[in-house]
Amino acid sequence: MPCPDSETLMELAIGAATGVAQHSAGDAAIHAHLASCAPCTSAYSEWLLVAQAGRQAVAAPGSAGECPDENSLAEYLDGILPGLERRALELHFAACPPCLRQLCEVHSLLAEAQRATAPHKIALQWLKEGLRLVSAAADVFTPVTLNPAPVLWGREMPDALAWDMAQDGYHLRIALQHSGPARLNLHLALQLDGAPAPGPRILLRHGGAILESRVMDELGSASFLGLEAANYDVEIGLPERSLRFEVETTPAE
(Lines give C-alpha, C1' and ligand atoms only; values in the text may rest on other atoms or scores of the structure.)
Protein backbone atom coordinates (compact mmCIF):
# COMPACT_ATOMS: atom_id res chain seq x y z
CA MET A 1 0.00 0.00 0.00
CA PRO A 2 1.15 3.62 -0.48
CA CYS A 3 2.39 5.55 2.52
CA PRO A 4 -0.50 6.88 4.64
CA ASP A 5 -0.71 10.63 5.15
CA SER A 6 0.48 12.33 8.33
CA GLU A 7 -3.04 12.81 9.69
CA THR A 8 -3.78 9.07 9.44
CA LEU A 9 -0.54 8.13 11.24
CA MET A 10 -1.20 10.68 13.98
CA GLU A 11 -4.76 9.42 14.55
CA LEU A 12 -3.47 5.84 14.70
CA ALA A 13 -0.84 6.81 17.28
CA ILE A 14 -3.38 8.71 19.42
CA GLY A 15 -5.75 5.74 19.27
CA ALA A 16 -2.99 3.42 20.44
CA ALA A 17 -2.01 5.79 23.27
CA THR A 18 -5.56 6.28 24.50
CA GLY A 19 -6.66 2.68 24.14
CA VAL A 20 -9.46 3.50 21.71
CA ALA A 21 -7.93 2.08 18.54
CA GLN A 22 -10.55 0.82 16.11
CA HIS A 23 -8.65 -2.34 15.01
CA SER A 24 -10.20 -2.03 11.56
CA ALA A 25 -8.96 -3.69 8.39
CA GLY A 26 -7.51 -0.34 7.37
CA ASP A 27 -5.56 -0.08 10.62
CA ALA A 28 -4.25 -3.60 10.15
CA ALA A 29 -3.06 -2.70 6.65
CA ILE A 30 -1.29 0.40 7.99
CA HIS A 31 0.44 -1.61 10.73
CA ALA A 32 1.58 -4.08 8.07
CA HIS A 33 2.91 -1.15 6.04
CA LEU A 34 4.77 0.19 9.09
CA ALA A 35 6.64 -3.09 9.40
CA SER A 36 8.38 -2.42 6.07
CA CYS A 37 8.51 1.39 5.83
CA ALA A 38 11.11 3.13 8.01
CA PRO A 39 9.95 6.75 7.37
CA CYS A 40 6.34 5.94 8.31
CA THR A 41 7.46 3.96 11.35
CA SER A 42 9.58 6.90 12.49
CA ALA A 43 6.67 9.37 12.12
CA TYR A 44 4.24 7.02 13.88
CA SER A 45 6.66 6.34 16.73
CA GLU A 46 7.29 10.07 17.22
CA TRP A 47 3.57 10.83 17.59
CA LEU A 48 3.05 7.78 19.78
CA LEU A 49 5.76 8.94 22.20
CA VAL A 50 4.22 12.42 22.41
CA ALA A 51 0.73 11.02 22.95
CA GLN A 52 1.93 8.55 25.57
CA ALA A 53 3.83 11.29 27.41
CA GLY A 54 0.73 13.46 27.46
CA ARG A 55 -1.31 10.54 28.79
CA GLN A 56 1.11 9.52 31.54
CA ALA A 57 -1.15 10.94 34.27
CA VAL A 58 -4.31 9.10 35.29
CA ALA A 59 -7.27 11.41 35.03
CA ALA A 60 -9.65 11.77 37.94
CA PRO A 61 -13.37 12.30 37.22
CA GLY A 62 -13.99 15.92 36.29
CA SER A 63 -10.27 16.77 36.15
CA ALA A 64 -10.19 17.95 32.54
CA GLY A 65 -10.45 21.64 33.42
CA GLU A 66 -9.91 24.42 30.86
CA CYS A 67 -8.29 23.54 27.54
CA PRO A 68 -4.78 25.05 27.14
CA ASP A 69 -3.85 27.41 24.31
CA GLU A 70 -1.12 26.68 21.74
CA ASN A 71 1.48 28.68 23.68
CA SER A 72 0.96 26.43 26.71
CA LEU A 73 1.23 23.35 24.51
CA ALA A 74 4.49 24.64 23.01
CA GLU A 75 5.89 25.42 26.47
CA TYR A 76 4.93 21.91 27.60
CA LEU A 77 6.76 20.38 24.64
CA ASP A 78 9.80 22.61 25.26
CA GLY A 79 9.91 21.42 28.89
CA ILE A 80 9.82 24.95 30.36
CA LEU A 81 6.54 24.73 32.27
CA PRO A 82 6.83 24.61 36.09
CA GLY A 83 6.22 21.18 37.58
CA LEU A 84 2.71 21.88 38.91
CA GLU A 85 1.52 23.38 35.62
CA ARG A 86 3.02 20.48 33.69
CA ARG A 87 1.27 17.98 35.96
CA ALA A 88 -2.04 19.83 35.52
CA LEU A 89 -1.68 19.69 31.74
CA GLU A 90 -0.94 15.97 31.81
CA LEU A 91 -4.07 15.41 33.88
CA HIS A 92 -5.98 17.41 31.30
CA PHE A 93 -4.52 15.46 28.36
CA ALA A 94 -5.51 12.20 30.03
CA ALA A 95 -9.15 13.34 30.11
CA CYS A 96 -9.32 15.39 26.89
CA PRO A 97 -8.58 13.55 23.60
CA PRO A 98 -9.02 16.73 21.46
CA CYS A 99 -6.21 18.46 23.38
CA LEU A 100 -4.03 15.36 23.13
CA ARG A 101 -4.57 15.50 19.37
CA GLN A 102 -3.69 19.20 19.34
CA LEU A 103 -0.54 18.47 21.35
CA CYS A 104 0.58 16.06 18.63
CA GLU A 105 -0.18 18.64 15.93
CA VAL A 106 1.81 21.37 17.71
CA HIS A 107 4.69 18.94 18.20
CA SER A 108 4.63 18.20 14.46
CA LEU A 109 4.71 21.92 13.58
CA LEU A 110 7.58 22.64 15.97
CA ALA A 111 9.58 19.65 14.71
CA GLU A 112 9.07 20.72 11.09
CA ALA A 113 10.13 24.30 11.87
CA GLN A 114 13.26 23.01 13.61
CA ARG A 115 14.13 20.83 10.63
CA ALA A 116 13.61 23.77 8.27
CA THR A 117 15.92 26.10 10.20
CA ALA A 118 18.67 23.62 11.05
CA PRO A 119 21.77 24.17 8.90
CA HIS A 120 22.55 21.56 6.27
CA LYS A 121 25.67 19.53 6.88
CA ILE A 122 28.57 18.26 4.81
CA ALA A 123 30.53 15.54 6.60
CA LEU A 124 34.07 14.68 5.49
CA GLN A 125 36.96 12.57 6.61
CA TRP A 126 40.50 13.96 6.25
CA LEU A 127 42.97 11.40 4.89
CA LYS A 128 46.69 11.77 4.28
CA GLU A 129 46.13 11.58 0.53
CA GLY A 130 42.92 13.63 0.30
CA LEU A 131 39.35 14.11 1.46
CA ARG A 132 36.67 11.46 1.69
CA LEU A 133 32.97 12.33 1.65
CA VAL A 134 31.00 10.84 4.55
CA SER A 135 27.62 12.49 3.97
CA ALA A 136 25.92 15.55 2.50
CA ALA A 137 22.34 16.82 2.27
CA ALA A 138 21.59 15.57 -1.22
CA ASP A 139 18.40 17.65 -1.47
CA VAL A 140 20.38 20.87 -0.93
CA PHE A 141 23.92 20.35 -2.21
CA THR A 142 24.76 19.45 -5.80
CA PRO A 143 28.13 17.65 -6.03
CA VAL A 144 30.65 19.15 -8.46
CA THR A 145 33.08 16.82 -10.22
CA LEU A 146 36.72 17.64 -9.46
CA ASN A 147 39.06 15.14 -11.02
CA PRO A 148 40.56 17.61 -11.81
CA ALA A 149 38.19 20.46 -12.67
CA PRO A 150 38.40 24.26 -12.57
CA VAL A 151 36.86 25.58 -9.39
CA LEU A 152 36.97 29.22 -8.33
CA TRP A 153 39.15 31.63 -10.30
CA GLY A 154 40.00 28.94 -12.86
CA ARG A 155 42.34 26.98 -10.57
CA GLU A 156 42.52 23.21 -10.72
CA MET A 157 42.13 21.47 -7.36
CA PRO A 158 42.25 17.68 -7.83
CA ASP A 159 42.55 17.29 -4.05
CA ALA A 160 39.24 19.10 -3.42
CA LEU A 161 35.55 18.39 -3.11
CA ALA A 162 32.94 20.95 -4.14
CA TRP A 163 29.20 21.53 -4.05
CA ASP A 164 26.68 24.02 -5.35
CA MET A 165 23.94 25.39 -3.10
CA ALA A 166 21.03 27.64 -4.18
CA GLN A 167 18.69 29.89 -2.18
CA ASP A 168 16.47 32.87 -3.10
CA GLY A 169 18.21 33.50 -6.43
CA TYR A 170 21.70 33.13 -4.92
CA HIS A 171 24.10 30.42 -6.06
CA LEU A 172 26.92 29.41 -3.74
CA ARG A 173 29.91 27.30 -4.74
CA ILE A 174 31.50 25.58 -1.74
CA ALA A 175 34.93 23.98 -2.21
CA LEU A 176 37.00 22.18 0.42
CA GLN A 177 40.65 21.61 -0.41
CA HIS A 178 43.11 19.24 1.24
CA SER A 179 45.98 21.31 2.69
CA GLY A 180 48.84 19.81 4.66
CA PRO A 181 48.73 17.60 7.76
CA ALA A 182 45.12 17.57 9.02
CA ARG A 183 44.48 20.95 7.40
CA LEU A 184 42.02 22.12 4.75
CA ASN A 185 41.04 25.29 2.88
CA LEU A 186 37.45 26.46 2.50
CA HIS A 187 36.70 28.45 -0.67
CA LEU A 188 33.37 30.19 -1.28
CA ALA A 189 32.02 31.90 -4.41
CA LEU A 190 28.62 33.63 -4.41
CA GLN A 191 26.52 34.73 -7.38
CA LEU A 192 23.14 36.44 -7.66
CA ASP A 193 21.21 35.81 -10.89
CA GLY A 194 24.42 34.69 -12.59
CA ALA A 195 26.59 37.68 -11.56
CA PRO A 196 29.17 37.89 -8.75
CA ALA A 197 27.62 39.00 -5.45
CA PRO A 198 30.18 41.01 -3.44
CA GLY A 199 29.44 42.43 -0.01
CA PRO A 200 27.73 39.74 2.12
CA ARG A 201 29.49 39.11 5.42
CA ILE A 202 30.58 35.57 6.28
CA LEU A 203 30.80 34.28 9.84
CA LEU A 204 32.87 31.17 10.45
CA ARG A 205 32.06 29.59 13.81
CA HIS A 206 33.79 26.80 15.67
CA GLY A 207 32.40 25.43 18.93
CA GLY A 208 29.73 28.14 18.94
CA ALA A 209 32.29 30.99 18.92
CA ILE A 210 33.06 33.21 15.92
CA LEU A 211 36.46 32.14 14.60
CA GLU A 212 36.68 34.50 11.62
CA SER A 213 34.52 37.16 9.96
CA ARG A 214 35.05 38.60 6.50
CA VAL A 215 33.21 40.11 3.53
CA MET A 216 32.85 38.64 0.04
CA ASP A 217 35.27 40.48 -2.29
CA GLU A 218 34.40 42.15 -5.61
CA LEU A 219 34.31 38.72 -7.29
CA GLY A 220 31.87 37.41 -4.67
CA SER A 221 34.62 35.15 -3.34
CA ALA A 222 36.24 34.41 0.01
CA SER A 223 38.65 31.80 1.35
CA PHE A 224 39.50 30.47 4.80
CA LEU A 225 42.94 28.86 4.68
CA GLY A 226 44.70 26.36 6.93
CA LEU A 227 41.63 25.27 8.90
CA GLU A 228 42.05 22.33 11.24
CA ALA A 229 40.08 19.19 10.45
CA ALA A 230 37.19 20.01 12.78
CA ASN A 231 33.55 21.15 12.78
CA TYR A 232 32.55 24.57 11.45
CA ASP A 233 29.31 26.50 11.07
CA VAL A 234 29.29 28.90 8.11
CA GLU A 235 26.73 31.73 7.91
CA ILE A 236 26.44 34.15 4.99
CA GLY A 237 24.28 37.20 5.67
CA LEU A 238 21.82 37.81 2.80
CA PRO A 239 19.13 40.53 2.59
CA GLU A 240 16.15 38.22 3.21
CA ARG A 241 17.67 35.47 5.37
CA SER A 242 21.05 34.00 6.13
CA LEU A 243 22.45 31.10 4.18
CA ARG A 244 23.91 28.52 6.56
CA PHE A 245 25.64 25.18 6.36
CA GLU A 246 27.91 23.06 8.53
CA VAL A 247 31.19 21.38 7.64
CA GLU A 248 32.11 18.41 9.80
CA THR A 249 35.64 17.17 9.18
CA THR A 250 37.36 14.46 11.21
CA PRO A 251 40.87 13.05 10.69
CA ALA A 252 41.00 9.39 9.79
CA GLU A 253 42.14 7.11 12.59
When you scan the stretch 90-109, do you find a residue that is modelled with pLDDT under 75, part of a helix (DSSP H, G or I), surrounded by 12 or more Cβ atoms within 10 Å (Cβ to Cβ) and in contact with a Cys (Cβ under 7 Å, 6 or more places away or on another chain), even just one? no
Scan of the stretch 64-80 for residues that are over 16 Å from Glu105 (Cα atoms) and either within 25 Å of the chain's Cα centre (by Cα) or surrounded by fewer than 12 Cβ atoms within 10 Å (Cβ to Cβ) (or both), ordered by number: Glu66, Gly79, Ile80
Could you go through the stretch 61-70 and let me know if any residue there is at pLDDT 65 or above and not in a loop (DSSP other than H, G, I, E, B). yes
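The values are calculated or read from the model by the stated rules, or taken from the named source; none is laboratory data. Since this is a predicted model, take the numbers as computed values, not measurements. We place every Cβ from the backbone using ideal geometry, glycine too, and count neighbours over all the protein chains shown.
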